[in-house]
Amino acid sequence: MDVQHGSKKDSPILLEVSNMTNTCLRKLTTFICIALLCIFGVAQVAQAKVAVNIWNLMDSGEHLDYTNNSKYVVSVTTAVGWWNAYKKGVIRKDTSKTVNDVTMSHYSKKDGSIAITSPSGTLKFNSYYMSSLSEHNRIEVAAHEIGHALGLSHNSSKTDIMHATSLDGDKLSKNDKESYDYAYWCNQVGRM
Ligand SMILES: [Zn+2]
């Protein structure tokens, strides 16, 4: 399944979500989340538009432990801070005491993608396009991709971090927060 960002003006397209290579556990989690979405979806979306993906990269301890091998150290660190300001301590740098959940890297290719996050546990920034963005926009791209790793899908408001194409968000919106709440809850329920 591919989820493709449309282009914003003449800016490049964000593309992510490649082939599904989930484990059985993740498939089970996915399945349960979908079922619950059917049952509780109306109540969940009453206050904000909740958009979650059918996979996430969080581990069984409800953490997202990352290794950042990309050159976007400051951007990623700041973006992690945006998410962790809302749910403290969920996203952590991988250490010898944790198991890595997502590995970040960068590449450079004129392929129309600013960044790509995969259910196999990779998050790749494309420096071909990233290099021409402002630092603030690079942070937004990083925050957006981390959102996918946390289980969020695209949302509709241009001020959402999880909007498919807009780089107008400068903090988590109500949609972003409630989608995160729901994805996090789905992850917990799916592991019970
Ligand atoms: Zn996206």
Specify the residue that is surrounded by the fewest Cβ atoms within 10 Å (Cβ to Cβ); the eligible residues are those in region 63-106 that are within 26 Å of Cys186 (Cβ to Cβ), touching a strand residue (DSSP E or B) at 6+ places or on another chain (Cβ under 7 Å) and hydroxyl-bearing (Ser, Thr, Tyr).
-> Thr98
Counting just the residues of region 125-141 that are away from the ligand (no atom under 12 Å from the Cβ) and buried (at least 21 other Cβ atoms within 10 Å of the Cβ), which one comes out farthest from Val189 (Cα to Cα)?
-> Tyr129
Please identify the pairs in which a residue from region 117-146 that is farther than 25 Å from Asn175 by Cα has its Cβ atom under 6 Å from the Cβ atom of a residue that is assigned to a helix (DSSP H, G or I), counting only partners at least 6 apart or on another chain.
-> Met130/Arg138
Take region 53-76 and flag every residue that is of a type in the set (D, E, K, R), at pLDDT 95 or above and closer than 17 Å to Ser96 by Cβ.
-> Asp65
Sort out which residues of region 165-179 are out of contact with any Gly (no Cβ under 6 Å at 6 or more places or on another chain) and within 14 Å of the ligand (Cβ to nearest atom), and write them in order of number.
-> Ser166, Leu167, Gly169, Asn175, Asp176, Ser179
Given Thr122, Thr117, which one is within 22 Å of Asn84 (Cβ to Cβ), buried (at least 21 other Cβ atoms within 10 Å of the Cβ) and modelled with pLDDT of 95 or more?
-> Thr117
Is there a residue being touching a His at 6+ places or on another chain (Cβ under 9 Å) and either surrounded by 21 or more Cβ atoms within 10 Å (Cβ to Cβ) or charged (D, E, K, R) (or both) anywhere in region 176-189?
-> no
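The values are calculated or read from the model by the stated rules, or taken from the named source; none is laboratory data. Since we're looking at a predicted model, the values are computed, not measured. Cβ sites come from the backbone with ideal geometry, for glycine too, and all protein chains shown count toward neighbours.
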